[in-house]
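Structure first, then comments.
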Amino acid sequence: MDFLSHVFKSMSSKKKFLNNLVSSFYPFLIWTPLRNLFLNKSSADSLDIIINDPWSGNSEEGYKILKGFLTVSGETISFNESLWKSKSASQIWIEELHSFSWIKDLRSVGSNQARIFFRKCILNWMDLFSGWSRTIWRSDILGKRVCFLLGSYNFFCSSADEIFQKKLIKNISVQVSHLVRYKLRDVKGFNRIFAIKGIILGSISFSKLNKNIDYGISLLIEEIRNQVFSDGSHYLKSPSKHLEFLKNLIDIKFFLSRSKTIPPQELNETIDKMASILKSYRHGDGTLSTFNDSKPIDKITIDQILLRANSKLKINNTSNLTGIHKIAENKMNFLMDAGNPVLENTFAGSLSFEFSFGKHIIVVNSGSPHIYNERWAEAMRSTAAHSTLMIDNVNSSDIIFDKEKNSRIAKVWSNKVYDGKSYLIESAHDGYKKIFGLIHNRKIHINCHERILRGHDLISRVTKNFKSIPKEFYIRFHIHPDVEANITSSRKKVILKLKDGQGWEFICSDSIISIGESVYLAKKNQMIRNTHILLRDKVLPDKKIKWLFRLLQ
């Protein structure tokens, strides 16, 4: 008995060793016929668990697809016979096309025409793209594709003929096997969660791949620890990215529960904490603040995610570990970015803030472009696109399009105190130290009872070793497009009229106010003209520029 046990154990060890060996060499085999040999061994003949995608699509977009138009992030491409032959699309459009995210919109249409159309699309895709491709088979895109296809299986495949079903099931299981074997070598940062989600759902759906569930869960826990701080805030400091990461965690928990696998406690706790942080990122009207590449998300989607998260944790007027300050009391809602900028897709908005009263947003940042365009992306990442101070039109941190590492990143420090009546935030950053030898200091004092937001900006000289002599500063307060701004003749005051007729006033200690035009991109697929209050003057070190927002009673 001991001998047989030893033999079986030895065989198991050898099998595990061979599997690990194959996995190590697999990335070098993807261009060879051996790739298909290894993957076909893991292919499945049947789908053992069907887990429907709980998120709805947009039927209007679905009808547009049936008419030959597909829109991704505001970019609409027309097609005649095949979706796969478009040559004028951007990289972002192509990536979303091959993720099959748009199947949700066809599913919302729910007609036989939509079903048959998609079957033709997927058959065409399997004929054209079953071979490995650097973009189309990239782990995050593949992970999304697996989830969207499996999540919509009942919509387009359950009523199809047996030949179609078997071909599709084999193709998806092969993709999942590749995803497992490739070990996420081609994806990093935020996008890894999509690949991990695909591994977990694919491993649950096919009994032949069940052995990879534990591997997927171990990747998930590792990614949570890499991307989410202990308080539940996501490292990118972007409200919409935070929401998207949370949504993926909620989906993974749902998958595990449906397969009667107990979700890890760390997953449950992270969902609770992230939901609480997500609540803190909201304005009074329920929308998200627009810091750090945050994209527009409709209020209904935010509500649904929070409902499914089912977090009982309360929102506190505290700062999260990424440096975002939150104050919400007596209808006043204030958020400020007082943390170090992230290295990925850096936004130079240090010490910027957003502010709302009741359901009316008053001060904003300009938002993030919904179209992948280098010119717009760099403009929206600039300091000028944020409600903060800028010197000589130089960004407070370097922004380099589509680069991870920047030569100059502001170091930010901040402190917030509450004395029982009002809040005081003292912050500073050294983004202008190397160039101008200057530190930007911003102090915010908020009295929620009296509905007054006071602030002052101060530029202090800290070193004689600098490259350029600063000339002018620009302090911008971008105003929400629903707010009407009118400057008085003294150039010391601006009257802000809200949509419901209520008024606020902005006052500056010096006669340096002007009103300028801006662009607001925080409404879905819309580019809206708005205004900004501009304070502009010569740089005088250690001079305070005082200002305040006050409700007109």
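In this structure, does Leu123 turn out to be assigned by TED's automatic domain parsing to the domain that holds Lys183, surrounded by 17 or more Cβ atoms within 10 Å (Cβ to Cβ), at pLDDT 95 or above and not β-branched (Val, Ile, Thr)? Reasoning before the result, please.
Numbers: assigned by TED's automatic domain parsing to the domain that holds Lys183: yes; surrounded by 17 or more Cβ atoms within 10 Å (Cβ to Cβ): no; at pLDDT 95 or above: yes; not β-branched (Val, Ile, Thr): yes.
It is false that Leu123 is assigned by TED's automatic domain parsing to the domain that holds Lys183, surrounded by 17 or more Cβ atoms within 10 Å (Cβ to Cβ), at pLDDT 95 or above and not β-branched (Val, Ile, Thr).
The rows are residues; the columns are (1) aliphatic (A, V, I, L, M); (2) in the same structural domain as Ser276 (by TED's automatic domain parsing); (3) in contact with a strand residue (DSSP E or B) (Cβ under 7 Å, 6 or more places away or on another chain).
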| residue | (1), (2), (3) |
| --- | --- |
| Asn333 | no, no, yes |
| Ala338 | yes, no, yes |
| Leu351 | yes, no, yes |
| Met380 | yes, no, no |
| Asn415 | no, no, yes |
| Ile435 | yes, no, yes |
| Leu438 | yes, no, yes |
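Within region 463-485, how many residues are under 13 Å from Ile515 (Cβ atoms) and of a type in the set (Phe, Trp, Tyr)?
Quick first cut of region 463-485, residues under 13 Å from Ile515 (Cβ atoms) only: 476-479, 483-485.
Subsequent filtering for residues that are of a type in the set (Phe, Trp, Tyr) retains 477.
Counting residues in region 463-485 that are under 13 Å from Ile515 (Cβ atoms) and of a type in the set (Phe, Trp, Tyr) gives 1.
Say we look at region 488-501 and pick out the residues that are touching a Ser or Thr at 6+ places or on another chain (Cβ under 8 Å) and in a strand (DSSP E or B); which of these is surrounded by the most Cβ atoms within 10 Å (Cβ to Cβ)?
Initially, region 488-501 is screened for residues touching a Ser or Thr at 6+ places or on another chain (Cβ under 8 Å), giving 490-492, 494-495.
Filter once more, so that each one left must be in a strand (DSSP E or B): 494-495.
Values: Val494: 22, Ile495: 14.
Within region 488-501, the match that is surrounded by the most Cβ atoms within 10 Å (Cβ to Cβ) is Val494.
What's the total number of residues in region 469-487 that are part of a strand (DSSP E or B) and closer than 30 Å to Ile435 by Cα? So that I can check it myself, show each step before the final result.
Let us first name the residues in region 469-487 that are part of a strand (DSSP E or B), namely 472-479, 484-487.
Subsequent filtering for residues that are closer than 30 Å to Ile435 by Cα retains 472-479.
Residues that pass the stated criteria total 8.
Just one of (1) part of a helix (DSSP H, G or I); (2) surrounded by fewer than 17 Cβ atoms within 10 Å (Cβ to Cβ); (3) among the hydroxyl-bearing types (Ser, Thr, Tyr) trips up Ser159, so point out which.
(1)
To keep it simple, each residue is scored yes or no on (1) over 19 Å from the mean Cα position of the chain (by Cα); (2) on the phi < 0 side of the Ramachandran plot; (3) without any contact (Cβ under 8 Å) to a residue 24 or more places away in the chain; (4) assigned by TED's automatic domain parsing to the domain that holds Ser173.
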position: Phe69; (1), (2), (3), (4): yes, yes, yes, yes
position: Gly74; (1), (2), (3), (4): no, no, no, yes
position: Ile77; (1), (2), (3), (4): yes, yes, yes, yes
position: Trp84; (1), (2), (3), (4): yes, yes, no, yes
position: Ser99; (1), (2), (3), (4): no, yes, no, yes
position: Gln113; (1), (2), (3), (4): yes, yes, no, yes
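Is one or more of the residues making up region 258-275 among the aliphatic types (A, V, I, L, M), modelled with pLDDT under 95 and surrounded by fewer than 23 Cβ atoms within 10 Å (Cβ to Cβ)?
Step one: list which residues in region 258-275 are among the aliphatic types (A, V, I, L, M), which gives 262, 267, 271, 274-275.
Those left that are additionally modelled with pLDDT under 95: 262.
Now narrow it down to the ones that are surrounded by fewer than 23 Cβ atoms within 10 Å (Cβ to Cβ): 262.
Checked against the condition, which is being among the aliphatic types (A, V, I, L, M), modelled with pLDDT under 95 and surrounded by fewer than 23 Cβ atoms within 10 Å (Cβ to Cβ), region 258-275 yields at least one hit.
In region 234-265, which residues are under 12 Å from the mean Cα position of the chain (by Cα) and in a loop (DSSP other than H, G, I, E, B)?
Going residue by residue through region 234-265, those that are under 12 Å from the mean Cα position of the chain (by Cα) are 234-248.
Across region 234-265, the qualifying residues are Tyr235, Leu236, Lys237, Ser238.
Any idea which of Lys295, Lys326, Lys312 is more than 27 Å from Glu344 (Cβ to Cβ) and charged (D, E, K, R)?
Values: Lys295 fails: more than 27 Å from Glu344 (Cβ to Cβ); Lys326 fails: more than 27 Å from Glu344 (Cβ to Cβ).
Testing whether each residue is more than 27 Å from Glu344 (Cβ to Cβ) and charged (D, E, K, R) leaves just Lys312.
Here are Val146, Val72: which of them is buried (at least 16 other Cβ atoms within 10 Å of the Cβ) and in contact with a Gly (Cβ under 8 Å, 6 or more places away or on another chain)? Even if it seems obvious, please write down each step before you answer.
On the way: Val72 fails: in contact with a Gly (Cβ under 8 Å, 6 or more places away or on another chain).
Result: Val146 is the single residue among Val146, Val72 that is buried (at least 16 other Cβ atoms within 10 Å of the Cβ) and in contact with a Gly (Cβ under 8 Å, 6 or more places away or on another chain).
Can you name the residue in region 207-229 that is modelled with pLDDT of 95 or more and among the hydrophobic types (A, V, I, L, M, F, W, C) and is also farthest from Phe254 (Cα to Cα) among such residues?
Selected residue: Phe229.
Regarding Ala275, is this residue under 21 Å from Phe229 (Cβ atoms) and in the same structural domain as Asn365 (by TED's automatic domain parsing)? Reasoning before the result, please.
Values: under 21 Å from Phe229 (Cβ atoms): yes; in the same structural domain as Asn365 (by TED's automatic domain parsing): no.
Judged against the criteria, Ala275 is not a match.
The values are calculated or read from the model by the stated rules, or taken from the named source; none is laboratory data. A quick note: this is a predicted structure, and the numbers were derived from the prediction, not measured. For neighbour counting, all protein chains shown are included, and Cβ atoms are generated from backbone atoms with ideal geometry for every residue, glycine included.
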